[in-house]
Amino acid sequence: MKRSLIGILALIVVSAAFATGVQEEAGSYPERTVRVIIPWSVGGMTDVLTRPIANWLEEYYGVPFVVENRPGGGGVVGSLEIENASNDGYTIGTTSMSTVSAQYVAPMSPDIDNVELIAQAISIPATVTVNSDSEFETLDELIAFAQDNPGELSNSNSGNGASAHIYALTFGARADVEMNHIPYPGYAEAVTSLLAGNVDMTNIPLPDVAPYIDSGELRMLAIASVERHPSYPDVPTLRELGIDAVMGNYSGFVAPEGTPQEYLDTLEDGIRQAVTDPEIRDFLIGAGFQPVFAGQEEFAQIVEDAKDQLDFLVNDLGIEFVDD
C-alpha cells in the first residue's frame with residue numbers, strides 16, 4: 001500500500017510538471033503568425049529595411065512574420081491600421097517621422113501616442129539629388145536657379161507632411177528658395193518620377209536614391225548628415241556648403257496601444273539581435289542605411305526629439321504643412 005501510494009504521488013508530480021511544461025510552452029510568445037504592417041509602398045525605404053529584419057525574426061522565433069504594405073496618405077493609411085489593430089501582440093508595424101508630422105495635414109491623422117514603441121532599427125540621412133542629365137552640377141547652381149526662378153524648381157516627395165516633404169520644406173527655408181512640391185504615394189514613386197525626368201530634384205533619403213547614384217542615373221549634390229557618408233566621401237554635407245540643416249529620418253517598430261509589456265520586451269530583444277547581426281548590418285549599410293538600435297525608452301526620447309523638431313519647423317520657421 002505504501003509503495004502504491006508513493007507511486008501514485010510520483011505519477012501526480014511528474015504529470016503536473018509535464019502539464020506545467022506544456023502550458024508554458026503553449027503560452028510562449030510568439031506562437032503563431034505575426035503581421036508586420038508597413039505604411040508605405042513595396043520597394044520603398046521602409047519596405048527594404050523591414051523585410052530582412054522580419055525574415056530574421058521569422059527564423060529566430062520559428063513563426064511567420066508576414067509583411068503587409070498599406071501605402072497611402074503619406075503613411076496615414078497604414079499607421080491608422082496599426083493603431084486600430086488588435087493589441088494581442090500579433091500585429092506590429094513600422095513608424096517614422098511621418099507618423100508624427102501627419103497631424104499637421106491629415107484630418108484623421110495617426111497619433112504616435114496611440115501605439116507602443118518597440119525599438120528603433122535605423123537612421124537615414126536626407127539628400128539633395130537630381131537626375132544625372134540635370135543642368136545642375138553643384139548645389140550652388142541649383143540654389144542660384146531656384147532663387148532666380150521662385151517656384152519653378154519641382155521637388156518630388158512621398159506625400160504632403162511626410163518625411164521627404166519635411167526635408168524639402170526645411171531645405172527650402174534654410175537655403176531661402178521656393179520650390180514646387182510634387183507629392184507621390186511613397187519614396188519609390190517619387191524617385192521613379194525623378195528618374196523619368198518629370199521633376200527637377202528630390203530630398204528623398206539616401207537608401208532610396210543610392211542604387212541610382214551608384215548606377216549613374218542620379219547625381220547627389222549634397223547630403224544632410226553631420227559628416228560625409230563613408231560610401232560617398234566626395235559628396236559634401238549641407239553644412240559644408242553653408243546650409244545649416246541636418247535632416248534625416250528614423251524607422252522603428254511599434255505595436256497597438258495596450259499590447260502586453262512582456263510581448264513588447266520579447267520583440268525588442270529580437271529586433272536588437274536582428275539589427276546587430278553582422279549579415280543584417282552589412283546589408284543595411286550597403287543599402288545606405290545606418291543601423292542604430294534603440295530600445296523602448298531610448299526610442300521614446302528619439303520620438304520626442306522629432307516632435308520638438310517639427311514644432312520648431314512650424315513655430316520658428318513658419319512652415320505650414322498644406323496641400324500642394
**Prompt:** Quick one: what pairs do we get from region 34-54, first residue in the same structural domain as Y90 (by TED's automatic domain parsing) and over 18 Å from A190 (Cβ atoms), second assigned to a strand (DSSP E or B) and modelled with pLDDT under 95, C-beta under 9 Å, 6+ apart or different chains?
**Reply:** T50/A121; T50/S251; I53/A121
**Asked** Given the residues F289, F299, which is the only one that is modelled with pLDDT of 85 or more, within 21 Å of M247 (Cβ to Cβ) and surrounded by 14 or more Cβ atoms within 10 Å (Cβ to Cβ)?
**Response** F299
**Request:** Given the conditions (1) in a helix (DSSP H, G or I); (2) in contact (Cβ under 8 Å) with a residue 60 or more places away in the chain; (3) among the polar types (S, T, N, Q), report the number of the one that S225 does not fulfil.
**Result:** (1)
**Asked** Which residues, taken from region 45-57, are surrounded by 19 or more Cβ atoms within 10 Å (Cβ to Cβ) and of a type in the set (D, E, K, R)?
**Response** D47
**Asked** In region 145-189, what count of residues is obtained for those that are hydroxyl-bearing (S, T, Y) and either in a loop (DSSP other than H, G, I, E, B) or assigned by TED's automatic domain parsing to the domain that holds T99 (or both)?
**Response** 2
**Request:** Would you mind finding the one in L139, L194, L153 that is buried (at least 24 other Cβ atoms within 10 Å of the Cβ), in contact with a helix residue (DSSP H, G or I) (Cβ under 9 Å, 6 or more places away or on another chain) and not basic (K, R)?
**Result:** L194
**Request:** From the list V105, V77, V67, V42, pick out the single residue that is farther than 22 Å from N160 by Cβ and either surrounded by fewer than 22 Cβ atoms within 10 Å (Cβ to Cβ) or modelled with pLDDT under 90 (or both).
**Result:** V67
**Request:** Would you check if I204 is crowded, with 22+ Cβ neighbours inside 10 Å, at negative phi and part of a loop (DSSP other than H, G, I, E, B)?
**Result:** yes
**Prompt:** Here are some conditions: (1) surrounded by fewer than 19 Cβ atoms within 10 Å (Cβ to Cβ); (2) assigned to a helix (DSSP H, G or I). D234 meets all but one. Which one does it not meet?
**Reply:** (2)
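The values are calculated or read from the model by the stated rules, or taken from the named source; none is laboratory data. Note that the structure is predicted; figures quoted are calculated from it, not measured. Positions of Cβ are backbone-derived with ideal geometry, glycine not excepted, and every protein chain shown enters the neighbour counts.
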